[in-house]
1. Once you've got the GNM for the chain with C-alpha springs shorter than 10 Å, pick whichever of Gly171, Gly187, Gly133 has the biggest mean-square fluctuation.
2. Percent relative contact order of the range 120-169, based on C-alpha pairs within less than 8 angstrom and at least six residues apart?
3. Give, as a single signed number, the net charge of other residues whose beta carbon lies under 14 Å from the beta carbon of Arg265, with Lys and Arg counted +1 and Asp and Glu -1.
4. Given R₀ = 35 Å, FRET efficiency for Glu195-Glu76 by Cβ-Cβ distance, to 0.05?
5. With runs of 4+ DSSP H residues as the only contributors, calculate the mean residue ellipticity of the chain at 222 nm using -39,500 (n - 2.57) per run, divided by the residue total and rounded to the nearest 500.
6. So for the pair Glu57, Leu237, with labels modelled 7 Å out along Cα→Cβ, what separation do we get in nm?
7. Using only Cα atoms, tell me the angle between helix 189-199 and the longest principal axis of the chain; keep it within 0 to 90° and round to the nearest 10.
8. Given Cβ point charges of +1 (Lys, Arg) and -1 (Asp, Glu) and nothing else, what value in debye, to the nearest 20, does the dipole of the chain about its Cα centre take?
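Quick note: the coordinates plus some simple rules give every number you see, no bench work behind them. Small disclaimer: the values here were computed from a predicted structure and weren't measured. For neighbour counting, all protein chains shown are included, and Cβ atoms are generated from backbone atoms with ideal geometry for every residue, glycine included.
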Amino acid sequence: MIIGLVNPGAMGATIGAALVRSGHQVLWVSPGRSAATMARAGEAGLTAVDGLPELVEAAEGVISVCPPDAARQVAEDVLESGFEGTYVDANAVAPATARSLAARVGDRYVDGGIIGPPARRAGTTRLYLSGAGAAAVRDWFDEPVLGVSVVDVRPASASALKMCYAAYTKGTSALLLAIRALAEAEGVSDALLSEWDLSQRDLITRSEGAARGSAAKAWRFVGEMEEIAATFEAQDLPGGFHRAAADVYERMRQLKDVPDADLDRVIVELLRDAD
Ligand SMILES: NC(=O)c1ccc[n+]([C@@H]2O[C@H](COP(=O)([O-])OP(=O)(O)OC[C@H]3O[C@@H](n4cnc5c(N)ncnc54)[C@H](OP(=O)(O)O)[C@@H]3O)[C@@H](O)[C@H]2O)c1
């Protein structure tokens, strides 16, 4: 098959590579994208084209892997370019967003949610799919690295699963980072670490890991936390946890291009407004 990928980010490039290993040609639109995306696409063996119309003309399927708050626009751009094949949205969006994309795209829509780091080693990363066409998209993949499975035939179940999963992982990371900033602001960091060392030892390493793991990606997590908050609120559950998590990550937005930002640097960003 010829499959379009929008766009080869850290995760997207590895999904594209899995499709290439499965025997497909994977097209992506290079104009306007960064040098980092260009390099990842090259490493993954993807084929650059000059614009969406060219991609849409050739591809039988398109898979969207982009910042969650760009998911609607990407779908709109692909449809407006005349695409009539299978459209997979694999982004971290609320079920309501997935359902509105399904309504816009129609029967050719397949919902997706990715769990795990960029897929470089077998057993680390799973692409969950749902919707009437999910099983057919699962069959696009025929290689051992990326795990691909169907949740069910409803058009937003894969997104719902992703929201539940990330609500815990990214939500607790934001909470730990906010606590470390609060302890610093109150002058009790050493006392908190001593107490954690006695009673909650893993929180020391988890909070340090949360800083290293999220600093460069926090800008993208803002939209994802808002999608999670909307997911809770749509079921009449409190969305405030994840609205606050969005605020935490918003304060870290500047760290996108800071290499190796650690907990100390994250705390500076979180407390900046308090100065
Ligand atoms: N990375 C992970 O560990 C991970 C894990 C699970 C799920 N995911 C999901 O995968 C999706 C993308 O993640 P990623 O790691 O590939 O992100 P990423 O590394 O930040 O890459 C995003 C890609 O989208 C492009 N992009 C940026 N702004 C865009 C816009 N407004 N419209 C269209 N494309 C845009 C970027 O191009 P430029 O380089 O030109 O900016 C880049 O190629 C998200 O929905 C995320 O939730 C990622």
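1. Gly187
2. 41 percent.
3. On the way: positive: Arg180, Arg212, Arg251, Arg253, Lys256, Arg272; negative: Glu184, Glu208, Asp257, Asp260, Asp262, Asp264, Glu269.
Its environment carries a net charge of -1.
4. On the way: r = 51 Å, r/R0 = 1.45.
With R0 = 35 Å, the Cβ-Cβ based efficiency is 0.10.
5. Calculated mean residue ellipticity at 222 nm is -16500 deg cm²/dmol.
6. Each label point lies 7 Å from its Cα, and together they span 4.7 nm.
7. 80 degrees
8. With Lys and Arg at +1 and Asp and Glu at -1, about 480 debye.
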